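Structure first, then comments.
Derivation of every value follows stated rules applied to the coordinates shown; laboratory data play no part. Keep in mind that this is a model prediction, so the values were computed, not measured. Because the Cβ atoms are built from the backbone with ideal geometry, glycine has one as well, and the counts that use them run over all protein chains shown.
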Amino acid sequence: MNPAIPGTGEPASSERVARLTAECARDLEETAAAYPDLYAGFGSPGLYRRVATAVALGAPWHTAGELRLPCRAALWYFALDWLMDRMATSRSQVDEVVAGCLATADGAEPRTPLSRFLADIRRDLATVPAFARSGRAWREELEQALAAMAREWGWKTAPGTGPTLEDYLSNAHNFGSTWVNVSYWIFTDDPDDRPRAVDVLDELRQASDAVQRTLRLANDLATEERDHSWGDLNALMIVDRAAVHERISALYRESCEILRALEAVCPRQADYLRRQLEFSLAFYGGGSDYWDWR
């Protein structure tokens with residue numbers, strides 16, 4: 001039996017999710033084609049389908065048009081990750097990416113393909129009334145994600161400065177899911193909802209951060225081989241697999257407790273995060289990876 005969409009009783013049917021996934025994946029493919037220099041190194045139909053599937057399964061009550069923005073935000077984050085983790089060879093290059101993205105988030109003229117895509121996302125967000133109220137939170141999440149990416153770049157390129165597991169988890173903003181979630185909440189904010197997502201955005205961000213920490217480690221279990229191949233940092237380079245599994249279990253319980261409390265306030269948004277958590281744990285638990293890296 002398909003689960004009901006919170007607050008509607010409408011089933012989130014597999015046919016609906018499949019239709020949303022196909023439409024969102026098509027839009028992502030067209031979007032990537034508009035930035036050929038940005039996605040030439042790693043963009044693929046497989047990546048677009050996987051991103052579209054994750055977003056559609058997380059919020060099947062929306063139309064493809066409403067999910068366009070969070071899908072594009074997720075795709076943009078993959079480009080950021082590629083440039084920071086795979087292409088940057090110096091601290092000055094890392095700092096340049098960070099500064100360019102933050103300037104664009106503040107409304108400056110974009111100067112690179114990455115910042116042009118970010119400017120397009122910001123322009124779409126600015127078309128909804130909620131952005132005037134919550135744009136600062138969006139910018140804050142972006143800044144935290146960029147700072148976390150830069151910090152991890154430093155850890156992996158400077159011998160003897162590696163993090164503890166606690167340091168690593170404290171830096172989970174480099175995973176980027178909370179920034180994508182905030183983009184989603186702003187773009188799909190409904191003034192008729194009680195409460196509106198923007199009314200409880202601080203609570204949503206805290207819950208999303210708990211989910212993000214859980215998924216940061218789950219991702220590492222699935223991507224150990226790729227991370228070794230690419231020279232990326234992974235929790236399994238800090239502690240053993242048993243310790244990572246134990247910490248994921250504890251973080252999962254913490255996330256579920258937070259989501260149960262959130263459900264009493266805003267059931268649909270709690271369900272969105274729960275779907276994200278459960279889908280991603282199953283995805284990474286099966287050894288899947290978003291990148292077509294081999």
- Task: Any chance you could tell me what percent of the C-alpha pair distances in the range 140-294 go past 19 Å?
- Result: 55
- Message: Only Cα pairs within less than 10 Å get springs; with that Gaussian network setup on the chain, which residue of Val51, Val200, Val182 has the largest fluctuation?
- Response: Val200
- Query: Can you give the extra length, in nm with one decimal, that the chain gains between Val17 and Arg133 once fully stretched, where that is 0.36 nm per residue apart less the Cα-Cα distance?
  - Reply: 38.7 nm
- Inter-centroid distance (Cα atoms) of the range 94-153 relative to the range 71-88, Å: 13
- With runs of 4+ DSSP H residues as the only contributors, calculate the mean residue ellipticity of the chain at 222 nm using -39,500 (n - 2.57) per run, divided by the residue total and rounded to the nearest 500. -22500 deg cm²/dmol
- Note on the structure: Note, Ala52: beta-carbon cut-off 9 Å, +1 each Lys/Arg, -1 each Asp/Glu, net +1
- Item | Whole-number D in µm² s⁻¹ for the range 18-125, Kirkwood Cα-pair radius fed into Stokes-Einstein, 37 °C, 0.692 mPa s | 229
- Message: Whole angstrom only: what separates the Cα centroid of the range 168-222 from the Cα centroid of the range 37-57?
- Response: 20
- Query: Say we join alpha carbon atoms closer than 10 Å with springs in a Gaussian network model of the chain; which of Thr53, Thr161, Thr89 then has the biggest fluctuation?
  - Reply: Thr161
- Query: Over the range 41-87, what lengths in whole Å, largest first, do the semi-axes of the equivalent ellipsoid take, defined as the square roots of 5 times the eigenvalues of the alpha-carbon gyration tensor?
  - Reply: 23, 11, 8
- Message: Taking R0 as 25 Å, what FRET efficiency do you get between Ser288 and Asp240 from their Cβ-Cβ distance, rounded to the nearest 0.05?
- Response: 0.65
- the range 21-147 - percent relative contact order, Cα under 8 Å, separation 6 or more: 23
- Task: Please list 221-229, 162-170 highest first by mean number of surrounding beta-carbon atoms within 10 Å per residue.
- Result: 221-229, 162-170
- Task: Two decimals is fine: what is log10 I(q)/I(0) at q = 0.16, 0.21, 0.25 Å⁻¹ for the range 110-195, from a Debye sum with one equal scatterer on every Cα and no solvent?
- Result: -0.73, -1.00, -1.20
- The answer for the net charge of residues other than Thr112 whose Cβ lies under 14 angstrom from its Cβ, with Lys and Arg +1 and Asp and Glu -1, is -3
- Value of Rg to Rh for the chain (Rh from inverse mean 1/r over Cα pairs, i.e. Kirkwood): 0.94
